[in-house]
Structure formats: structure tokens, C-alpha cells
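Notes follow the structure.
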Amino acid sequence: MDDGYMTDFEPDEAALSALPQTGEREVETALRPRKLADFVGQPRVREQLSLVLESARRRGVPPDHVLLSGPPGLGKTSMAMIIAAELDASIRITSGPALERAGDLAAMLSNLAEGDVLFIDEIHRIARPAEEMLYLAMEDFRVDVVVGKGPGATSIPLEIAPFTLVGATTRSGALTGPLRDRFGFTGQMEFYSPEELEQVVQRSADLLGISVDPHGRAEIARRSRGTPRIANRLLRRVRDYAEVRADGTGTLEVVRAALEVYDVDELGLDRLDRAVLAALVRSFGGGPVGVSTLAVAVGEEPSTVEEVCEPYLVRAGMLARTPRGRVATAAAWEHLGLQAPAEVAGVDAAAPTLFD
Ligand SMILES: Nc1ncnc2c1ncn2[C@@H]1O[C@H](COP(=O)(O)OP(=O)(O)OP(=O)(O)O)[C@@H](O)[C@H]1O
Ligand SMILES: [Mg+2]
């Protein structure tokens, strides 16, 4: 659907009833909340956004451009679709890496109708020429199309319909200043509390017809790294286990046994999270060490370590980012069953606790 208009935001009954047969990506789409009111958590972003949308609606103009930033799986794409649904607008979906040539973006922009939402996922990965074209489009609803090459090239200004750009990024720091400044509102998505994730699990279990008891639900929520996408994924793995090895219900016991099979530990850390901590502690004596070195040690891309693992490890008080590099806190040593050296013990006091 990378390229098409989407107008229908009612829950897709057909897709839901066909769920057991469909792939996991379709399940993810079917589980997306459709309205601001269905969206669990993020109370701050929801309140701010609802003001932006309501005020624009009353004035009868497209709202300001919106940037959604935060770690993967917290609901940025879902929120972008909700924005369009709340505005009763069509949404066009593309992504930064897909906009390699400015011409791709020009085509997209000139096809917009008034009030449309243009969603650019991973907007920090947009190529430079497309980014520069976007400046003018965002500010003046205009693009300059360059015709010809060399000294004979001319640029033809082209008007585009007033639209709302919604950008999503896991790395708002990687956005250039001029681009960031052109968004009228930035929604910073935060990790979810275990209570919020319990609601996400409940909602998904109801939609998918999965049975989990309250203790099982709480355990899934606690081990989901503050992330709804992970909560939904763990729920499906618990369902598999419950159906094959138990009587179908996700009790506390079943959840614990299932998550053990899938290498999700007590704190919800997965293999890669633990590999990062283990490398930091065992190979580099707890740091400080640069993120690229750390990434090589675990055989991953630096961007994966930085954008996928680190935000939660920092949030969980296990890892600190310092100007000299990454440092393991006493909690990290402890989690790996090791005694922290005396000089690290002090780091812990300053570290935030989980979900404070
Ligand atoms: N607030 C929420 N309430 C209920 N479910 C949610 C919520 N946020 C996210 N989800 C679920 O988590 C899944 C992932 O959300 P989404 O794709 O919107 O995340 P994202 O931030 O765009 O991730 P990425 O950065 O990887 O693109 C969705 O399929 C949806 O089911
Ligand atoms: Mg997304």
C-alpha cells in the first residue's frame, strides 16, 4: 500500500475474521487503533495533537505539519493514520528511502488534493534534493520543477494543494535543522507503562480471540520493553504455546514458560539486548565504548543498536550514554549476574528507575 490512497478507516471485519490464516504483517495492520480515542497511552501527545487537529478543523484549514518521533513500535505509523482518519482526509504513504530522486517527491506532491495527509515514514532517511524540495512545499505549497540540464536548465514553479505532512522518525536528532523547524508540532512518543501495555494486550486479545488471564496479561505487559508492537508479538507467541502445550489459556505459568522458549527474560530483554550488555560488560569492562565498536562486537549495524536496543536499555537504567561512549550501570552488571566494580556502583544511584 506504499503508494495508494487510503480512505477507509473502519475496522476491517473481513481482515479480522480471516486473521488465523493471514500473515503477521496483516495482523499488525488489523490491530492498529483507528481513532484517537482507541489509542492507548501517550496522553501528552494525544492531548497536544487533538488541540492541533480540532483547532484546524474549526478554522477549516489543513493542520500544521506534524512530526512524530520515538523508538520503533510505539505507534507512530498508527498515529499518522489516525490523524488522517480524524480529519476525514485521504492519506498518501511513502518513506524517506523511497524518495531517492526529487522527481519522485514532485510527482507525489503534485498529485495531492486539498487537505490530504502525506505520510513520510523514516523521514530522516530522505535524500538531500528531495528534502530541499520539501522545504518549499511545506512552507509555500509550491515546488520548483527543474527542466533541462546545464546552463539551459530552467525551473518552473508549480502550485500544489494545501496538505498536511506527517513525518515519522526513530531519530529526530538526525533531521536537519531546516526540516525540523518546518514542522508546526512534534509529538515525542514515550515508552508505555506496564498498565498501558496491559490495556493494549487486552484489546488485541479481544480482537484476535485469544484467552489470557489477568496475571498472564500483566506478565506479558511487564516484559514488552514498553512497546505495544512487542506486546502484540509476545501475545501471539503465548497463544501458540498455550494452544500447543497447554489448554489454550495464557495463565501466568503459561506466559512464563512461553517467554522462556522465546528467550525473553524477566525484564523483557531479548537476545540482542543481552548481547549488547554482555559485550559492554565482558569485552569492554563496562565501558565507556563507542557505539560502532559495540555494534561490531554483537555483529549488528550501529543504527540498530542505537535506535532499537539502546533507548530501552537507557530507559531501564542499564546503560548510560556519555560523551566518551556507552557505559554499563551497576544494574546491568547485576542483571548479568556479575558483581559491578566499585567505581560503577555509584552510577546506579543517578540512573532512573523503570517507569518512574
Ligand atoms: N497506542 C496503541 N494502542 C494499541 N496498539 C498500539 C498502540 N501503538 C501501537 N500499537 C500496535 O503496535 C503496532 C506497531 O505500531 P506502529 O506500526 O504504529 O509503530 P511505529 O512507531 O510506526 O513503529 P516503526 O518505528 O517501527 O515504524 C501496531 O500494529 C499496533 O497494533
Ligand atoms: Mg511505522
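A short reminder: the numbers here are calculations on the coordinates, not readings from a lab. Quick caveat: nothing in here was measured; it's all calculated off a predicted structure. When we count neighbours, we look across all protein chains shown, and the Cβ atoms used for this are built from the backbone with ideal geometry, even at glycine.
So if the hydrodynamic radius of the chain is defined as the Kirkwood radius over C-alpha pairs, what does Stokes-Einstein give as its diffusion coefficient at 37 °C and 0.692 mPa s, in µm² per second? Approximately 147 µm²/s, per Stokes-Einstein.
Please list, short to long, the whole-number percent of alpha-carbon pairs of segment 5-188 in consecutive 10 angstrom bins beginning at zero. P(r) over segment 5-188, rounded to whole percents: 9, 35, 34, 16, 5, 1, 0. Modelled spin-label separation between GLU54 and ASP140, with each label point placed 7 Å from Cα along the Cα-to-Cβ direction: 3.6 nm. The distance linking segment 127-205 with segment 229-293 is 34 Å (Cα centroid to Cα centroid, whole angstrom). Cα extents for segment 168-313 along the principal axes, largest to smallest and rounded to whole angstrom: 53, 45, 20. Springs between Cα atoms under 10 Å define the GNM used for the chain, and in it the highest mean-square fluctuation of SER110, SER283, SER95 occurs at SER283.
The string of couplings for segment 168-185 from the Karplus curve (6.51, -1.76, 1.60, θ = phi - 60°) is 10, 8, 8, 9, 5, x, 8, 6, 6, x, x, 6, 4, 5, 8, 8, x, 8 Hz, one whole number per residue in order, with x for Gly and Pro.
Modelled label positions at GLU266 and ARG25, each set 7 Å beyond Cα in the direction of Cβ, lie 3.8 nm from each other.
Summary value for the chain: 14 percent relative contact order, contacts being C-alpha pairs under 8 angstrom separated by 6+ residues.
Considering only ARG324, ARG315, ARG34, the Gaussian network model of the chain with Cα springs below 10 Å gives its largest mean-square fluctuation to ARG324. A convex hull fitted around the alpha carbon atoms of segment 271-350 yields 80 Å³ per residue.
Structure remark: mean-square fluctuation, Gaussian network model of the chain, C-alpha springs under 10 Å; the largest value among GLU219, GLU122, GLU343 belongs to GLU343. Rg/Rh for segment 194-261 (Cα atoms only, Rh after Kirkwood) is 0.91.
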